[in-house]
1. So is LEU168 modelled with pLDDT of 80 or more, over 24 Å from ASP36 (Cβ atoms) and either under 24 Å from the mean Cα position of the chain (by Cα) or of a type outside the set (Lys, Arg) (or both) or not?
2. Could you check segment 143-192 and list, in sequence order, the residues that are surrounded by fewer than 11 Cβ atoms within 10 Å (Cβ to Cβ) and farther than 19 Å from ARG64 by Cβ?
3. Scan ARG57, ARG46, ARG88 and give me the residue that is part of a helix (DSSP H, G or I), modelled with pLDDT of 90 or more and either aliphatic (A, V, I, L, M) or within 33 Å of the chain's Cα centre (by Cα) (or both).
4. Residues of segment 154-183 being over 15 Å from PHE44 (Cα atoms) and not in a loop (DSSP other than H, G, I, E, B), which ones?
5. Scan segment 192-205 for residues that are over 12 Å from the mean Cα position of the chain (by Cα) and either among the polar types (S, T, N, Q) or in a helix (DSSP H, G or I) (or both) and jot them down.
6. Can you confirm whether ASP36 is within 17 Å of ALA82 (Cα to Cα) and surrounded by fewer than 12 Cβ atoms within 10 Å (Cβ to Cβ)?
7. Pairs only if they're at least six apart or on different chains, beta carbon under 9 angstrom, first in segment 52-63 and closer than 15 Å to ILE91 by Cβ and aromatic (Phe, Trp, Tyr), second at pLDDT 95 or above and surrounded by fewer than 12 Cβ atoms within 10 Å (Cβ to Cβ); list them, first residue then second.
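The values are calculated or read from the model by the stated rules, or taken from the named source; none is laboratory data. Values in this document were obtained by computation on a predicted structure and should not be read as measured data. Heads up, the Cβs are rebuilt from the backbone with ideal geometry, glycines too, and the neighbour counts pull from every protein chain shown.
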Amino acid sequence: MKRWIPLLLIGASLLLAGCATTIRSEVTAFHESPLDLADKSFTFERSAAQDNDLEYRSYENLVREQLLRLGFSSAGKNQASALKVTLRYGIDSRDVRVVEQVPVDPYWYGAPFYGPFFGPPWRYGYYSPFYDPFWYGAPLMVPRETNYQLFTRRLNIAIARAADGRKLYDVSVNSEGRIGSLPAVMPAMIRAAFADFPGPNGVPRQIDLKLD
């Protein structure tokens with residue numbers, strides 16, 4: 001019996017690996033084209049509340065990683081930069097109620113107790129569907145109600161000139177799902193914001209990304 005344990009563990013690991021959560025985001029970017037700036041140094045423009053918000057700063061670091069990957073450069077703390085980056089995000093929820101018709105088996109009373117036959121024992125033995133003229137007819141349908149919360153996650157990132165505040169890139173990312181944790185989905189949403197940067201101008205598109 002012990003010989004089967006490693007195989008079972010491997011099978012469970014493969015099953016979990018194949019069930020990675022995918023976040024679908026609707027991304028719309030507006031930008032001036034082309035974005036061939038001579039100076040791509042940037043800093044983040046924060047409010048006082050954001051400056052003292054650890055969650056905000058963690059998302060800021062994720063945005064910084066994407067900008068560095070795209071050839072931008074992060075200005076030092078006391079250095080002037082050509083660009084200012086702003087970051088806003090939020091989440092809302094709503095209750096969803098779904099009622100659907102599902103089939104039920106009126107003769108099933110628990111196979112573990114009655115073996116391969118269906119239904120409770122009758123006076124002259126067990127009931128078998130072979131003798132039921134209605135067995136192969138339409139199944140009995142009953143309503144089943146499901147209630148859950150659906151979350152709408154929002155992200156906006158803007159890049160503007162530091163000198164005059166003129167926006168050069170403004171992207172909005174929206175996603176819906178049952179995950180109500182922003183820290184869980186924000187890495188995928190930030191990657192979606194910079195997918196195929198700068199992307200088509202003013203054209204909504206759907207981007208599917210797996211969570212890390």
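1. Judged against the criteria, LEU168 is not a match.
2. Across segment 143-192, the qualifying residues are PRO143, GLU145, THR146, ASN147, TYR148, GLN149, ALA163, ASP164, GLY165, ARG166, SER181.
3. The conditions single out ARG57.
4. Hits for segment 154-183 are ARG154, LEU155, VAL171, SER172, VAL173, ASN174, SER175, GLU176, GLY177, LEU182, PRO183.
5. ALA193, ASN201
6. So ASP36 fits the description; yes.
7. TYR59/PRO183
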